[in-house]
Every structure is written in structure tokens, then in C-alpha cells.
1. Return E156, E364, E148 ranked ascending by Cβ neighbour count within 10 Å, so the fewest neighbours appear first.
2. From the Cα gyration tensor of the chain, with a ≥ b ≥ c the square roots of its eigenvalues, which class applies: rounded if a/c is under 1.5, or else prolate if a/b is larger than b/c, or else oblate?
3. Let's test the formula: R0 of 22 Å, r as the Cβ-Cβ distance of A221 and S146. What FRET efficiency results, to the nearest 0.05?
4. Could you work out [θ]222 nm for the chain from helices alone, using -39500 (n - 2.57) per DSSP H run of at least four and dividing by all its residues? Round to the nearest 500 deg cm²/dmol.
5. Using Cα pairs closer than 8 Å and at least 6 residues apart in sequence, work out the relative contact order for the chain, in percent.
6. Let me have the relative contact order for the stretch 44-302, percent, based on Cα pairs under 8 Å that are six or more residues apart.
7. So how do V247, V324 line up by other beta-carbon neighbours within 10 Å, fewest first?
8. Taking the alpha carbon gyration tensor of the stretch 44-302, what are the square roots of 5 times its eigenvalues, largest first, to the nearest whole Å?
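Rule-based calculations on the coordinates, nothing more; no lab input. On a predicted model such as this, the values are computed, not experimentally measured, just so you know. Reconstructed Cβ throughout: ideal geometry from the backbone, glycine too, with neighbour counts over all protein chains shown.
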Amino acid sequence: MTGAPAPRPTGAEPPLERALVRGTEALLGRQRPDGSWQGELESNASITAEYVLLRRLLGIPDPRREAAAVHYLRRQQGPDGGVPIAPELPGDISVTAEVFCALRAAGVPADDPAVRAARAFVAAGGGTRATRFFTRLWLATAGLWSWEELPSLPPEWLLLPGHLPGSVYDLASWARATMVPLMILRTLRTQFPLDRPAPDELPLGPPLPAHGSRGFRTADAVMRAYGRAGIGPGRRHALDLAERWVVLHQEVDGSWAGIQPPWVYSILALRARGYPLHHPIIQRGLAALETFGIEDAQGFRLQACVSPVWDTALALWGVLEAGVPAQEPAVQRAIAWLLDKEVRALGDWAVRRPGAPPGGWPFELRNDWYPDTDDTAVVCCALAAAGHRRDDGTEAGAAMERALRWLLVMQNRDGGYGAFDVQNTRAWVERLPASDFGEVLDPPSPDVTAHVAEALARCGSPDGGRGLARAMAWLRRSAAAGSGAYYGRWGVNYVYGTAAAATAYAARGTPADRVDLRRAGRWLAQHQQEDGAFGESVRSYEDPSWWGRGAATPSQTAWGLLGLQAAPGQAAAARRAARWLAAHQDGNGQWTDETFTGTGFPRAFYLRYHLYAQTFPVLALARAVRTPAAPRAA
């Protein structure tokens, strides 16, 4: 425990007040000594399978850790042998193929029931030809697949200046950071052969249509033929550029972009370029990767990313609104920790915004190349909740000023906001043969735009409100078919996006905002469950019949409550949501999400933020208990 006092009584409904006090105490109890909060960021088993494969490919297996990873991988397999990308979904052929290879590489026998079941699942799903590009790339690197059957990734792409259309900077930040090391691996046809599995253990399956447009498939065939001609001076120069790009983009903590895909591929790419295992760059990368691991009764699993800045900003905002004084040491430690993580360096975003000053915060522990607008907006709101203003003469106020100016720099021409890049909307990259693994663009989204708009409204826009007005106009246009619902790019899904839009409309509060706010409130009320809860399945990204529907979760109920409280005329619905949260708190003052409510790539990669079920209920109950519009007993 941090020793911070519990919120003082407010006279609200006693069950809600007790739930808020206990929830706040539990959240404060999870604060780290350095002032931060960080919950597990759970994804799917492919991340851990690739960890096992990476260490095997590099020739540095850790038998004890590997055994714990095998224990975890076995637990992820469903009755049909498949391994899903989210618990409520059926098995995924690509994830299952990677788990199969990891189990076999770790020494699990070919006749083991889990291995046999995984092989049968892959065969029934169309074989390895039906897997994604990344899965086949791992197979090729392990000597289990022909590089010639993979799309080309010419390093000459880097020769095109970044500010021009068609450059690698047309890719989203995460795709760009991943593709550059893959250029090296694909061009060199890198292999680190494994002892097992044998190349014929997984069935190929029938040929399938290649991903990508006809024109790009033709260009890909030409580039493959060019690659077979050998590596001449031009290609050597391009490979040198790719290597320098990879080296330059390693973060000070040893990661690449703070996320697993570019991280593991960068290590493999540098090994392919002849870097020894003892090279400091590789040693830093491997050591930092271990810090993303979690080992417990479930076994060992690797997180694809960590979210300490996001978690800390949300937790800080919640405890402040719950009534913990800003002067408390717990609050001051959190503010100091956040200020230390401010990005003051120019990142890749500056390629498309040359001359603009830096500012803002990353999602991860360190990611100076890729701060993001979403985290920056929420950090600014948390600092504002602590009483800071951008002109208050404090270190926090100065950081807010820099961040808000940077947010204006990152606004797209149409007024909307992407997460990491500005004007990242050139859809041609989606038609590349290698672009079958999820989102490769970072266009504006309603949830991010709403968060930035709320920050500009709460903290004051340095441009006199012009950027805020443009963001709100974009947000208004983004409503789904006039329904009052808003898509959630980074959270599942329309409950998340609609709640974000509602709080943004309420923060600015013009008459026009009030009209849209009423629509958002009505949509949320229409999708509230009978007992007051909210839940939405990840299936909603593919099937509109799942919009606003799914098993109830504390985080999504809290989102719904935040949106209902912001909207006029929804006090009764808000009261039901608040009571549901109070009734579903455990004996330790905590809540738990049983399903994934976070989104990495819609339809491809989902997340469970383990702190979401604590931070958002505390924030929502704080507003229910402490604000003038709080739900009260009838």
C-alpha cells in the first residue's frame, strides 16, 4: 500500500461509495515503488511460441524457461487442437502452426497428443499455405519453407526519401519497424535450421490465391527474379541502409519500438548480417526481451508489449477523480514518473512533419521513436486532474504545453487523429503481397480523435481552439451510419468508441456537441444489458450483429457508465451500470475481465489489459459518486 488516504464520504449511495473507496485502495495498492502502474498485457500464444523459436534459431535455448513455455502453450490449445487469437474465438491456423513448431523445437515428441491435435487442426484448415506471411517467414528462417514462396521485400524501398509518396513511411509505424528488418531476412534468404520439426511434418495444403492486387503480385514476381540474380552493388547499398536503419531504431532500453515483432526480427536480421551473439546491440535486445516475460502457475509467457505509461496515466486520473489529493506522495510519485517518460527527441513522425518540435508520451516504457497521440492525450488529462495547467509555470505545465502543441502538429488534414503517425492513409500498402498480417495503416479513428479532443477541451488548445473544432467536426462525421455509435480501433469496440466520443462531446459542451452526445447516450442505453452491465465481443469487428453485444465485463461496463454519465437523460441507465460494478467487485476491492477488451489489430490480434478492469471502474465510479450528476438512490 502507498499510504494515500481513501476518498472522503460524499453522501452518494453507500454501496457505490464503498465500492469506490475499496477500488481506489486496491488500485493504490498496485502502484509500484517508482510511482508507476503496470498490468499484464495479455495476447495470444504466438508471441510465446516465437520466443521459443527465436532462442532455438539463435542456438541459445534455456531448458528451464522452455519447459515453462511449453506448459503455457499446452494450456492455450482448445479441444479441437487449435489455438485462438482470443479465448472466445475458434482456433487460428497461423497461431496453431507456430505453437506446433515451438513444441516440436522444444523437444515435445511428434506423437504427443497436443502435437498431433495441432497438426490435424492445421491440416484441416488448409495446411501451411493457408497461414499468414509472418508464420511462413518463421518457417523459412527455420529451414522449413522455401524463401522463394514468400513475397519479396526489396531493401531498395528504403532508397526512396521518406517524405515522398510510396516510401516505407507510407506504412504505419509498427509495420514499418517490422518490414525493414524483414527486408534483410528475405533478401538474404536467411536460415538458422532447426533440428525439429522435419520439413514435412506440417502438411502444405492446396495452393491458395496470393494476397495483394494483381499489379503488386506482378511487381513482386519481377522483384523475386531480380533477387535471384544475386546481390550487386545497388542491393548491397540498400542492405547497408536497412542495417543502419535497424541499428538506429533500437531504443535505449534495448527494444525496437517497444513491441515484439520488430524486436525479434531486428535481432534475427542483425545476426543475418553477421553480428555475433555477444555484440552489445544483440545482447541488449535479448536482455530487454526477457523483461517482457511472466512466469507463474500458468507457465512462462511473453508479452507482445507493455503498457506502463498508459496504465499509469489512467490509474492516476482515476485516483485523482476518486478524491485522492494531488499533494499525496502516491500522486506526486506518479506525476514525476510520467514526466520522466516524456519524449523530447524527434521520432519517425518528424519525417512527415519536418521542423516541428517534439513532445508527448509513448505507450511503452521507452519508445522515443514512436510517441503516440492517445497516450499523450490521456497523460495531459491526468495532469489536468492533478490541478496542472499548461501555463502554470511548473515542469508538468511545461510538459503539457509541449504535448498539446505536438498534438496539433499530429492532426491530419481532415481533422482526425491516428495513433502514431500523421496522414498515414495511403491505402496502396494494404495491397502488397506481404500485407496479410493485420493493419498496416494508421488512419484517424474515432476513439483516438475523441481522446485528443477531450484533452484539448480539458487543457486548452494552444491554437485558440481551431484544432479542437476540426477534431470535433471529424468525430461527428465518423458516427456509424448516423446511429450514434463510434468505432473503437484500440478497444473493443463500439462501446469503447462511443463512450470516448460521449466524454469528448461533454468536455467541449457546445449546443452542437449536445445533439451528438444525446445520440451516443441513446445508443449506449439501447445496448446496456438488463442487469446494467455492458459487454461486447471481439466478433463485433467482423459481424455487425455483435455491435454492443457480448459477455459482460467490468472494463466495458465502466466505459458504458462513463458515456452514460456524460449524456443528458441517461441517469437511470448510469445508475444501473454503477450498481452492477459495485455488485461485481471482489472481496479485495478488485474486478476482473474474463474476455479480451483491448485491440491490437482488428480481426487479427486482441489484448487483455489486466489493469483495465481496475482503472476504468475506479474512474467511472468516481464520477458516479463525486460529480453533481452522479446517480443517486431514487
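1. E148, E156, E364
2. prolate
3. Details: r = 15 Å, r/R0 = 0.68.
After rounding, the FRET efficiency stands at 0.90.
4. Result for the chain: -15000 deg cm²/dmol, rounded to the nearest 500.
5. Details: 1291 pairs, mean separation 105.5, N = 634.
Relative contact order, the chain: 17 percent.
6. 23
7. Going from sparsest to densest Cβ surroundings: V247, V324.
8. Calculated on Cα positions only, the semi-axes equal 30, 23, 16 Å.
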